[in-house]
Structures are given as C-alpha cells and as structure tokens.
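The next block holds one structure in the form of structure tokens; read it before the comments.
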Amino acid sequence: MQLETLWRMIDCERMKSSLRSLKCVVIVAALTAVLCPGARGQDAQSKEAQTREAKGMPPRATPADYQAQDKVGAVTVAAEFAAHGVPTPDATFLTEDYVVVEVGFFGPPEARLKLSTEDFTLRINGKKTPLPAQPYALVFKSLTDPEWVPPAPPEKSKTSIGGGGGQDSTPPPPVHMPFELRRAMEQRVQKAALPEGERVLPAAGLIFFQHRGKINSVELIYGGSAGNSTLTLQP
C-alpha cells in the first residue's frame with residue numbers, strides 16, 4: 001500500500017507539472033496572439049509599403065515617344081533625359097542637386113520583368129565612372145516647386161539707434177514652403193519614381209542621379225534581368 005501510495009503521489013506531481021507547462025503554453029499563445037500581429041506583420045507591411053511607395057509614371061504610348069529606345073531580348077528599354085526637372089503626372093518640380101531620367105519598359109502582352117534602380121547608371125560628359133542611381137527620398141531636400149510663390153517678407157521697421165533714426169539691417173527670416181504643400185510635392189515625386197520588383201509591362205518611372213554642373217553628353221547604362229543596353233540621351 002505504501003508503494004502504491006507513493007506512485008500515486010509521483011503521478012500526481014507529474015500531472016501538476018504537465019498542467020503548469022500547459023498553462024505556460026496557453027499564456028505564451030495568448031501573448032503571441034496579442035503582441036505578434038505587429039511583429040509578424042512587419043515584413044508584410046514593409047513589403048506592402050514598398051509596393052505603395054513608388055507606383056511609377058504612366059508609360060507612354062510607344063517606345064518611340066521617348067528620346068531613345070533599345071531592344072534588349074524581348075523587352076524594349078526607352079528613356080528620356082529631364083535634366084534637373086522632375087516631371088510627375090500632376091506637376092513638374094525642380095532639383096539643383098540631381099538630374100532625372102524617365103525610363104519605360106515595353107514587352108509582349110502580360111510580360112513581366114524585375115525592375116530595380118540599381119540596374120541603372122548614368123555617364124555624363126563621357127566620364128569613365130558612371131553615376132549610380134540614388135533613392136528618390138534623397139531628392140526631397142533640394143526639391144522645389146517653381147509655381148509656388150513665397151509670401152512677401154514683412155517690411156522692415158524703422159528703429160532709433162544711438163538717438164538717431166535708422167533702418168533695421170537685420171535680414172528677414174527665411175520663408176519655407178508650408179509643410180502640407182511640401183509633403184504633397186514629395187508624395188508626387190515618390191509615386192512617380194520607378195517601381196521596384198517584378199512588374200507587368202509596360203512600366204515606367206523616374207530615376208535620379210546626383211549631379212551639378214555643365215552637361216554636354218548623357219548615356220544611360222542598363223544592366224538588369226532583361227540584358228544590357230546603353231542609350232544615348234539628349235542633354
């Protein structure tokens with residue numbers, strides 16, 4: 001009887017231990033259900049955000065509508081140099097620190113192609129080392145809207161200095177574009193940038209290269225999943 005009672009006690013302890021373990025599992029599962037949607041969804045949200053970030057430009061009717069075109073396998077790459085202009089479907093903006101190329105991809109019906117700005121470089125003035133494409137967000141700092149007219153600064157008030165009349169020589173504070181207008185401008189450029197990832201053709205968008213100074217010649221160099229190509233553009 002003592003031995004049987006001992007085994008029952010051992011089994012009881014094992015059962016309690018199992019119940020405690022099960023309780024821990026339930027608690028962990030409950031916490032996971034509450035906390036993990038944010039964690040599990042980060043990758044999906046990140047990918048979705050990247051998809052929304054750049055929708056690209058509406059492709060032109062044909063490759064011939066761009067400055068230059070080249071057949072690369074079954075795909076035609078077309079491009080047009082916009083210099084320091086940033087053309088979007090709604091408005092054209094300016095940037096002093098970057099030059100812009102509008103590029104389009106055309107192929108057979110329902111053809112798909114992996115797009116990436118990293119597939120492009122730009123050779124300016126025949127330099128040996130071409131410029132790499134830059135993320136569109138870097139352009140925001142130098143982005144301006146030529147149609148936005150800043151409000152007139154307030155008139156300088158006359159002050160009395162040393163007992164005599166005089167005019168205040170302090171320069172007026174700089175006038176910045178309102179946040180709402182700047183944000184809208186940046187969003188338009190963001191949406192017009194070349195979309196990344198596998199896309200159904202035709203597809204088009206803007207690519208940005210950092211450059212200031214004189215431009216005599218421009219060559220857009222493509223090396224991506226479709227093949228390799230060099231397009232001579234008009235500066």
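Where a number appears in this text, it was derived from the coordinates with a stated rule and is not lab data. Everything numeric in this text was worked out from a predicted model, so none of it was measured. Note that each Cβ is placed from the backbone with ideal geometry, even for glycine, and that neighbours are counted across all protein chains shown.
In which sequence would Asp145, Asp90 go, from the one with the fewest C-beta neighbours within 10 Å to the one with the most?
Asp90, Asp145
Using 7 Å Cα-to-Cβ label points, what is the Thr92/Thr230 separation (nm, one decimal)?
2.9 nm
Which order do the peptides 105-117, 75-87 take when ranked by the mean count of other beta-carbon atoms within 10 Å per residue, highest first? Walk me through the numbers on the way to the answer.
Details: 105-117: 16.1, 75-87: 20.8.
Output ranking for 105-117, 75-87: 75-87, 105-117.
Output wanted: per-residue J couplings in Hz (rounded whole) for the range 215-224, from phi through Karplus 6.51 cos²θ - 1.76 cosθ + 1.60, θ = phi - 60°, x for Gly and Pro.
With the stated coefficients, the range 215-224 comes to 10, 9, 8, 9, 10, 9, 10, 10, x, x Hz.
Once you have the Cα-Cα distance between Glu118 and Lys214, take 0.36 nm times their residue separation minus that, and quote the gain in nm to one decimal.
Between Glu118 and Lys214, full extension yields 32.1 nm more.
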